[in-house]
Amino acid sequence: AGMWHSLSGLARETQKSLDFSAAWPAFMDARYQPRISSLRVDVRGRGKMKLEIKSDSGEILWMSLVDLEEAPKQPVVLPLSPLSLKKAKLLNWIAEAGSEFCVDSLQLGVETPAVPFEEYVVAASYAKLARAYDAGSGFVKDRAHLEDGAFESLASTGMFALATAVLSQPPLKIVPQEKARQILHKIYEAVKALERPMGILPHFVRRSATGYVIHPGTEYSTVDTALYYHSLLLGAEMLGDGDLKMDLVSALDQIDFAKLRLPDGVISHGLKDDGRTLLPHGWKDWGGETALVMMLQNIVDEKAPRLHMERPAQAWQGTGFIPEIQSLFYPDFDSDEPDALDGVKWLTTRRQMLQSQKTYIQRVWPETAVAKMGLYGLSAGENEHGNSYYVGGVDLPDQAVLHPHYILMSAALSEPEATYSLLHRLEHAGLFTPWGMVETISVRNPNYLPMNGSLNASFETLGAYHLLARYRGFPNAIYAASRQSRELRRAVQLFYPTEKASE
């Protein structure tokens, strides 16, 4: 009896393996790479337990036989040689005949790179996101543990391109700049081949016999289209890729916003998977998602109707990411200049949300471990068990599921030292790992969801970069590209007219 664990991809994806000497994606710079140098198993019982690591070809690369005694749970820590485990695929444990024991946990001991913690936060967040990238197709999976081609996210694909581009810039250079350029072009070509009714992109795609197609039952999405094109425009701008930028602008011109408007003039959330039927709901709730869709329209048509958002400065349900997502791309919303559309002072509004997020857990769950750690993050992502999408917020009662990506999304609003101190506490609690943040944290019990979800990993990576730029005081490459891009300057005029947007 026993169990096997695939260390990279599904077990049948034999081309994938884990390099214990450089555990993150191979295109990340060597100075950031962690090593896996030990194996720990928490086990109780008696008999003999065999542990083995096999290669992608089935070869046994390492094996150890552990003698157990009848005793309370005992941790067994075994040293590993990372250089001899460069193509590890399966980690197996086997109960030898006559044994009777219980395995409570199996853990890999990771030696993290000798870089400053604030850089490590960016690199680990990016490593989490990069785990979901399929270099063969150019798409990013919605969840890293899924099979390639099963369920890819266009929003995550775009933001991965942006994250890769910005992390190729000085002073970090976590990714070689030429590799970043290759990835941007691979992504662009993959997305270019998709069907784009009225010019908009699918929310999710999957591989079919004829190529990648919209995933059945999902939609062509205006907000995912906005996230993708904002990301690629910024990436092309900072890499100085004029040809790619021209191609992107040409693709934007194909978006038919006139046909995407509902009878009241509001831009629809998109189209059903038939590519013809407008979704009945539109972008009118106040916040960053609506702002990004409106600004994408402004790139294409500056004379489009300018409709006000509903409930200005009030995020729907008090959901954390809503006032922050636009600031992953634009520096303009770091201001208290009332915007020209609804008169909102975005910086004050975002700070108010952050304060509400911090006080909610202290007020509602004051005796919990998460309250004592100072955690917060009522946002959106997977639910506690990872089997459905969950949206929380400070306007809802008794919220008990945290999405810690909000900590990094909002980090530029706080003192950097306080945020890094909180991230240290998360790391010590096992909630910020060498593969980034866990997806969810339960307030009422010690449970957490370790799933690598690419959308929140995108938010975390870009948020971690903005935090580092502020902490170190180096030029923010995303914001510099946003200011340099004629298209994005035209977009943001909807909220901040030229004389303000150029300041």
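The values are calculated or read from the model by the stated rules, or taken from the named source; none is laboratory data. The structure presented is a predicted model; accordingly, all values stated were derived computationally and were not measured. Here the Cβ is made from the backbone with ideal geometry for all residues, glycine too, and neighbour counts use every protein chain on show. Calculation scope for accessible area: heavy atoms of the full protein, side chains included, ligands and nucleic acids excluded. Shrake-Rupley method; radii C 1.70, N 1.55, O 1.52, S 1.80 Å.
The selection criterion, being part of a loop (DSSP other than H, G, I, E, B), at pLDDT 95 or above and either of a type in the set (D, E, K, R) or surrounded by 19 or more Cβ atoms within 10 Å (Cβ to Cβ) (or both), holds for Tyr330.
Does Asp148 meet the test of being acidic (Asp, Glu), buried (at least 19 other Cβ atoms within 10 Å of the Cβ) and farther than 22 Å from Pro404 by Cβ? It is true that Asp148 is acidic (Asp, Glu), buried (at least 19 other Cβ atoms within 10 Å of the Cβ) and farther than 22 Å from Pro404 by Cβ. Pairing residues of the stretch 364-377 that are on the phi < 0 side of the Ramachandran plot with residues that are open to solvent by less than 10 Å² (accessible area, probe 1.4 Å) and among the small types (Gly, Ala, Ser), at Cβ distances under 6 Å and at least 6 apart in sequence or on separate chains, gives Trp365/Ala371. If only residues of the stretch 105-145 that are more than 25 Å from Asn92 (Cβ to Cβ) and at pLDDT below 95 are counted, the one that is most open to solvent (accessible area, probe 1.4 Å) is Ala114. Applying the set (1) in contact with an Asp or Glu (Cβ under 6 Å, 6 or more places away or on another chain); (2) closer than 26 Å to Glu118 by Cβ; (3) surrounded by fewer than 24 Cβ atoms within 10 Å (Cβ to Cβ) to Ser442 leaves exactly one unmet item: (2). Collect the residues in the stretch 95-109 that are closer than 13 Å to Arg46 by Cα and touching a residue at least 40 places away in the same chain (Cβ under 8 Å), keeping them in residue-number order. The answer is Ala95, Glu96, Gly98, Ser99, Glu100, Phe101, Cys102, Val103. Looking across the stretch 371-400, just one residue is surrounded by 20 or more Cβ atoms within 10 Å (Cβ to Cβ), at pLDDT 95 or above and more than 12 Å from Gly320 (Cβ to Cβ), and that is Leu375. Filtering the stretch 178-213 to residues that are open to solvent by 10 Å² or more (accessible area, probe 1.4 Å) and within 21 Å of the chain's Cα centre (by Cα) leaves Lys179, Arg181, Gln182, His185, Lys186, Tyr188, Ala190, His203, Phe204, Arg206.
Here the condition is being farther than 16 Å from Pro434 by Cβ, buried (at least 18 other Cβ atoms within 10 Å of the Cβ) and at pLDDT 95 or above; of Ser55, Ser17, it holds for Ser17 alone. Looking across the stretch 74-104, the residues that are in a loop (DSSP other than H, G, I, E, B), charged (D, E, K, R) and modelled with pLDDT of 95 or more come down to Lys86, Lys87. Taking the stretch 23-42 as the search range and keeping residues that are assigned to a helix (DSSP H, G or I) and in contact (Cβ under 8 Å) with a residue 24 or more places away in the chain, which one is most open to solvent (accessible area, probe 1.4 Å)? Here the answer is Arg31. Number of residues in the stretch 386-431 that are farther than 19 Å from Lys372 by Cβ and among the aliphatic types (A, V, I, L, M) equals 8. Ser8 passes every criterion in (1) farther than 19 Å from Ala135 by Cα; (2) hydroxyl-bearing (Ser, Thr, Tyr); (3) surrounded by 13 or more Cβ atoms within 10 Å (Cβ to Cβ) apart from (1). Taken as a whole, the condition of being under 24 Å from Glu237 (Cα atoms), open to solvent by 40 Å² or more (accessible area, probe 1.4 Å) and not basic (Lys, Arg) does not apply to Asp264. Within 21 Å of the chain's Cα centre (by Cα) and surrounded by 17 or more Cβ atoms within 10 Å (Cβ to Cβ), is that true of Tyr465? Judged against the criteria, Tyr465 is a match. Each residue in the stretch 93-124 was checked for being within 30 Å of the chain's Cα centre (by Cα) and either of a type outside the set (A, V, I, L, M, F, W, C) or over 29 Å from Phe160 (Cα atoms) (or both), and 12 of them qualify. Of everything in the stretch 270-297 that is in contact with a helix residue (DSSP H, G or I) (Cβ under 6 Å, 6 or more places away or on another chain) and assigned to a loop (DSSP other than H, G, I, E, B), the residue that is most open to solvent (accessible area, probe 1.4 Å) is Trp283. With respect to Ser231, determine if the residue is under 26 Å from Gln169 (Cβ atoms), in contact with a Gly (Cβ under 8 Å, 6 or more places away or on another chain) and not aliphatic (A, V, I, L, M). In short, yes.
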